[in-house]
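Engineer: There's a structure below that I have some questions on.
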Amino acid sequence: MPYLPVAHPPQAEVLASAERRWRALVEAKPDLQAAVSLQRGLLTLVIELARTIDGGRLPKLSLPGKYLAAKLSRGVPVLSGEPIPLPAALLKPALLRFCDELAAGGAGEVATHIGAAIESGRVDAGSLLSSSLARDQEAIRTGATHLGLAPDLAWLIAELAVGPVAHTLQRTLFATPESPALRDALAAWNHGYCPACGGWPALAEIVGGHRFLRCAFCSATWERTIYACVYCDEQGEAFVTAAPDEKRTDQRTELCSSCGAYLKTVDAAEVSPFPLVAIADMETMDLDVAAMEHHYGRPPLKEFKTGSRL
Ligand SMILES: [Zn+2]
Ligand SMILES: [Zn+2]
């Protein structure tokens with residue numbers, strides 16, 4: 001069953017589990033204290049926002065199961081190309097809070113400038129949010145650069161605010177699909193990218209021998225029936241899995257010399273609930289460093305369509 005519905009624990013439980021992981025991480029690597037503090041501030045806001053979104057009403061989606069199943073069977077993620085209205089009145093203040101948190105956490109004026117541009121309307125919050133949901137990196141980068149704002153930070157801020165919506169949409173559409181066609185299409189999903197938003201997995205969590213791929217944006221979880229490079233499907237000798245730290249064989253890296261990309265894999269007792277894939281990502285930062293030292297990278301987002309402009 002390639003798509004896995006993930007447990008959605010209450011907010012207090014998610015926060016408690018996050019706190020345990022942050023404490024263990026700082027204990028093991030005291031130099032990550034500042035990075036952990038910033039992530040704690042950001043994810044606490046994300047978890048609060050997710051609760052508000054879960055408790056509210058999302059726009060009614062006219063996305064019939066059969067239509068979504070047909071998209072999936074063509075290899076197209078379901079959210080791709082769908083003009084989904086976003087609750088901008090709720091998300092605009094969230095964007096500003098993320099800017100403040102980042103400014104206080106080390107990004108300083110670079111984040112303050114983005115916040116000021118959103119507040120004054122020089123950056124249209126609605127377009128920024130829609131471009132993020134559409135995973136349109138180019139639109140956000142181009143728009144930010146034109147205004148003299150940091151493109152990567154603008155992308156991150158939008159992603160933090162839209163992530164809870166993407167997660168709710170993903171769960172609403174996938175967790176208990178009424179349509180048998182959609183159920184079958186999800187069970188047959190065997191690509192390396194996310195069936196909901198099209199993102200590459202941030203990492204794989206290995207639970208009970210299953211290699212679950214995890215989308216860091218919408219938190220979708222899926223397993224492929226082949227053991228292959230998630231980016232280019234290489235299954236031969238060019239695709240290897242290695243543990244760079246022999247004392248941490250629970251943390252490994254899949255390296256592909258065909259496409260030059262890598263994916264982190266980590267043994268876990270259970271898959272991380274939304275939005276804790278971000279913590280798993282920070283826990284395994286050494287793997288990124290080791291892979292990059294060997295000139296492996298991560299490909300850009302896969303494109304399924306051209307999106308709107310800021
Ligand atoms: Zn996704
Ligand atoms: Zn590859």
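The values are calculated or read from the model by the stated rules, or taken from the named source; none is laboratory data. These figures come from a predicted structure and were not determined experimentally. With ideal geometry, Cβ positions are generated from the backbone for all residues, glycine too; neighbour counts draw on all protein chains shown. For accessibility, only protein heavy atoms count, side chains too; no ligands or nucleic acids. Shrake-Rupley method; radii C 1.70, N 1.55, O 1.52, S 1.80 Å.
Engineer: If you take every DSSP beta bridge whose two residues both sit in the chain, what share of them, in percent to the nearest 5, is antiparallel?
Structural biologist: Numbers: 18 of 22 bridges.
Looking only at bridges with both residues in the chain, the antiparallel portion is about 80 percent.
Engineer: Over all Cα pairs of the chain, how is the pair count split among 10 Å bins, expressed in % and running from 0 up to the last occupied bin?
Structural biologist: 6, 26, 36, 26, 6, 0
Engineer: Follow-up question, since we're still on this one. Give me the extension gain from Ala243 to Ala175: residue separation times 0.36 nm, minus the current Cα-Cα distance, reported in nm with one decimal.
Structural biologist: 21.2 nm
Engineer: Here is a follow-up. As an exercise, identify the trypsin sites (Lys or Arg not before Pro) in the range 1-81 lying in DSSP coil whose Cβ has no more than 11 other Cβ atoms within 10 Å.
Structural biologist: Arg57, Lys60, Arg74
Engineer: A further question follows. Quick one: 3J(HN,Hα) in Hz for the range 29-36, Karplus 6.51/-1.76/1.60 with θ = phi - 60°, rounded, Gly and Pro as x.
Structural biologist: 9, x, 5, 8, 3, 5, 5, 5
Engineer: Just grab the label-to-label distance for Thr225 and Arg51, each label 7 Å out from Cα along the Cβ direction, in nm (one decimal).
Structural biologist: 4.2
Engineer: Provide the per-residue ³J(HN,Hα) series for the range 245-256, in order, calculated from phi with Karplus coefficients 6.51, -1.76, 1.60 and θ = phi - 60°, each as a whole number of Hz, with x at glycine and proline positions.
Structural biologist: 10, 5, 8, 10, 6, 6, 10, 10, 10, 8, 10, 10
Engineer: Quick one: which residues, 5 or more positions from Leu203 or on another chain, have an amide H under 5 Å from its amide H? H modelled 1.01 Å from N in the peptide plane, none for Pro or chain starts.
Structural biologist: Arg214
Engineer: With all protein chains present, how much of the accessible area of the chain (probe radius 1.4 Å) comes from carbon and sulfur, to the nearest whole percent?
Structural biologist: Here carbon and sulfur together make up 54 percent of the probe-accessible area.
Engineer: Count of lysine pairs in the chain with Cα atoms under 26 Å apart, counting only pairs 8 or more residues apart in sequence or on different chains?
Structural biologist: Lysine pair count for the chain: 12.
Engineer: Rounded to the nearest whole Å², what accessible area per residue is found for the chain with the 1.4 Å probe? Please list the in-between numbers first.
Structural biologist: Numbers: 14490 Å² over 310 residues.
Normalised by residue count, the accessible surface of the chain is 47 Å².
Engineer: If packing is taken as the average number of other Cβ atoms within 10 Å across a peptide's residues, how do 154-163, 218-227, 124-133 rank, most packed first?
Structural biologist: 154-163, 124-133, 218-227
Engineer: Which is farthest toward the positive dipole end of the chain among Gly41, Val207, Ala117, measuring Cα position about the Cα centre, with Cβ charges +1 (Lys, Arg) and -1 (Asp, Glu)?
Structural biologist: Ala117
Engineer: Listed highest first by mean packing, meaning other Cβ atoms within 10 Å per residue, what order do 94-102, 254-262, 170-178, 145-153 come in? Walk me through the intermediate numbers first.
Structural biologist: Working: 94-102: 21.1, 254-262: 19.2, 170-178: 17.0, 145-153: 14.7.
Going from most to least packed, we get 94-102, 254-262, 170-178, 145-153.
Engineer: I would also like to ask the following. Using the Cα centre as the reference, give the magnitude of the dipole from point charges on the C-beta atoms of the range 11-153 (Lys, Arg: +1; Asp, Glu: -1; all else neutral), rounded to the nearest 20 debye.
Structural biologist: Roughly 580 debye for the range 11-153.
Engineer: Using only the C-alpha atoms of the range 137-251, find the volume of their convex hull and express it per residue in Å³.
Structural biologist: It comes to 160 Å³ per residue, whole-number rounded.
Engineer: Could you give the dipole magnitude of the range 71-230 about its Cα centre, charging the beta-carbon of Lys and Arg +1 and that of Asp and Glu -1, in debye to the nearest 20? Let's see the in-between values first.
Structural biologist: Numbers: 12 positive and 14 negative charges, 87 e Å.
Computed charge dipole of the range 71-230: roughly 420 debye.
Engineer: Select from Val165, Leu95, Ala139 the residue farthest towards the positive end of the dipole of the range 63-203; place +1 on Cβ of Lys and Arg, -1 on Cβ of Asp and Glu, and compute about the Cα centre.
Structural biologist: Of the listed residues, the answer is Val165.
Engineer: Still on this structure, please answer the following. Under the Karplus relation 6.51 cos²θ - 1.76 cosθ + 1.60, θ = phi - 60°, what is the ordered set of whole-Hz ³J(HN,Hα) values for the range 122-131, x standing for Gly and Pro?
Structural biologist: 4, 9, 6, 4, x, 5, 4, 5, 5, 5
Engineer: Sticking with this structure for a sec: Using the charge dipole of the chain (Lys, Arg: +1 at Cβ; Asp, Glu: -1 at Cβ; taken about the Cα centre), state which of Gly192, Gly75, Pro177 has its Cα farthest towards the positive end.
Structural biologist: Pro177
Engineer: Place a +1 charge on the Cβ of each Lys and Arg in the chain and a -1 charge on the Cβ of each Asp and Glu, then give the dipole magnitude about the Cα centre in debye, rounded to the nearest 20.
Structural biologist: 960
Engineer: Report the extension gain between Leu90 and Met292 in nm, rounded to one decimal, defined as 0.36 nm multiplied by the number of residues separating them, less their alpha carbon distance. Kindly include the intermediate steps, with their values, before the conclusion.
Structural biologist: Values: separation 202, 0.36 × 202 = 72.72 nm, distance 3.81 nm.
Here the segment from Leu90 to Met292 would lengthen by 68.9 nm.
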